[in-house]
1. Anything in the stretch 17-37 that is surrounded by 17 or more Cβ atoms within 10 Å (Cβ to Cβ) and farther than 16 Å from Ala113 by Cα? List them, or say none.
2. Check whether at least one residue in the stretch 154-162 is outside any loop (DSSP other than H, G, I, E, B), surrounded by fewer than 15 Cβ atoms within 10 Å (Cβ to Cβ) and in contact with a Phe, Trp or Tyr (Cβ under 9 Å, 6 or more places away or on another chain), and report yes or no.
3. Condition check: in contact (Cβ under 8 Å) with a residue 24 or more places away in the chain, surrounded by 20 or more Cβ atoms within 10 Å (Cβ to Cβ), assigned to a helix (DSSP H, G or I) and in contact with a Leu (Cβ under 6 Å, 6 or more places away or on another chain). Does Ala214 satisfy that?
4. In the stretch 76-88, how many residues are open to solvent by 60 Å² or more (accessible area, probe 1.4 Å), without any contact (Cβ under 8 Å) to a residue 60 or more places away in the chain and either of a type in the set (S, T, N, Q) or under 16 Å from Gln240 (Cα atoms) (or both)?
5. State whether one or more residues within the stretch 164-180 are buried (at least 16 other Cβ atoms within 10 Å of the Cβ), under 17 Å from the mean Cα position of the chain (by Cα) and part of a helix (DSSP H, G or I).
6. In the stretch 217-246, which residue that is of a type in the set (S, T, N, Q) and assigned to a helix (DSSP H, G or I) is most open to solvent (accessible area, probe 1.4 Å)?
7. Between a first residue in the stretch 149-170 that is on the phi > 0 side of the Ramachandran plot and a second residue that is assigned to a helix (DSSP H, G or I) and surrounded by fewer than 18 Cβ atoms within 10 Å (Cβ to Cβ), which pairs have beta carbons less than 7 Å apart while being 6 or more apart in sequence or on different chains?
8. Residue check: is Val34 among the β-branched types (Val, Ile, Thr) and over 22 Å from Asp218 (Cβ atoms)?
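The values are calculated or read from the model by the stated rules, or taken from the named source; none is laboratory data. Since the structure is predicted, the reported quantities are computational estimates derived from the model, not experimental observations. So basically every Cβ, Gly included, is an ideal-geometry build from the backbone, and we count neighbours across all protein chains shown. Keep in mind that these areas ignore ligands, DNA and RNA; they rest on the heavy atoms of the full protein, side chains included. Shrake-Rupley method; radii C 1.70, N 1.55, O 1.52, S 1.80 Å.
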Amino acid sequence: MELLSVKQAAELLDIDDSRVRQLLRAGTLEGQQVGGRWLVDGHGARQRKERGSTQGRPLSERNAWGLLAALSGQRAPNLSDAERSRIASRLRSMAAHKEPPVARLRQLVRVRAERRRYRVHSGLLPILLDDPDVVRGGVSAAARVGVGYLAPGRAEVYVRLDKVGKLEAAFGLARDNAKGNLLVRVAPAEVWPFLRADAAPGKSADAPAAVVAADLLDSDEDRAETAASELWQRLIDDLQKRSNVG
């Protein structure tokens, strides 16, 4: 595996050293710490540069969640009427295409949540996934939303910021951006009702299908991208049907 220094990665991505370290800590850029120094996965950095050079700017966090909520047929949380109108227009444009541009979709919603990768004992994963403080996302919710994608031994969840410390303590989570088997996305509190829209009080939940599709697109795996593409198309088709009925 090609490893780059923080400085080399910053030059490659045309960003500051501090931004590289921020991406590494958030888990959105793969790397590892050796002797107290960060080393960056060169392949992942080059993929990130390639995506960034072709896809344009992502939506803001609030508008990314607004798009996912609207695609799910729900009212976008905490947005102005003008923002909702722009999101609706963007979704109508997507629905007009038979094949949604997967790379663009990934870019639009990629800043929706901070990513933290942890290492946790595999025997604890099933218990963690049933914890009422988490919402299962990505690979952990794929089967429940009708996606044929499995990744045994790995898990993905959404957690509110004020619950992260409790989860870390309860399950002995250790940060491991290089080889962690648990990906935690820290979601803003205001989108929590949307994430748990179909959940019973005090029970664990699965993220809405649009969120699961976005999670799978983050993985940079061909199988996950194929599954996500099929799910996105299904959601776009459903959106178009609702629009026609309306």
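1. Val20, Arg21, Glu30, Gly31
2. no
3. Here the answer is no, as Ala214 does not meet what is asked.
4. Number satisfying all stated conditions: 1.
5. Checking the stretch 164-180: at least one residue is buried (at least 16 other Cβ atoms within 10 Å of the Cβ), under 17 Å from the mean Cα position of the chain (by Cα) and part of a helix (DSSP H, G or I).
6. Result: Asn244.
7. The qualifying pairs are Gly153/Ser122.
8. Values: among the β-branched types (Val, Ile, Thr): yes; over 22 Å from Asp218 (Cβ atoms): yes.
Judged against the criteria, Val34 is a match.
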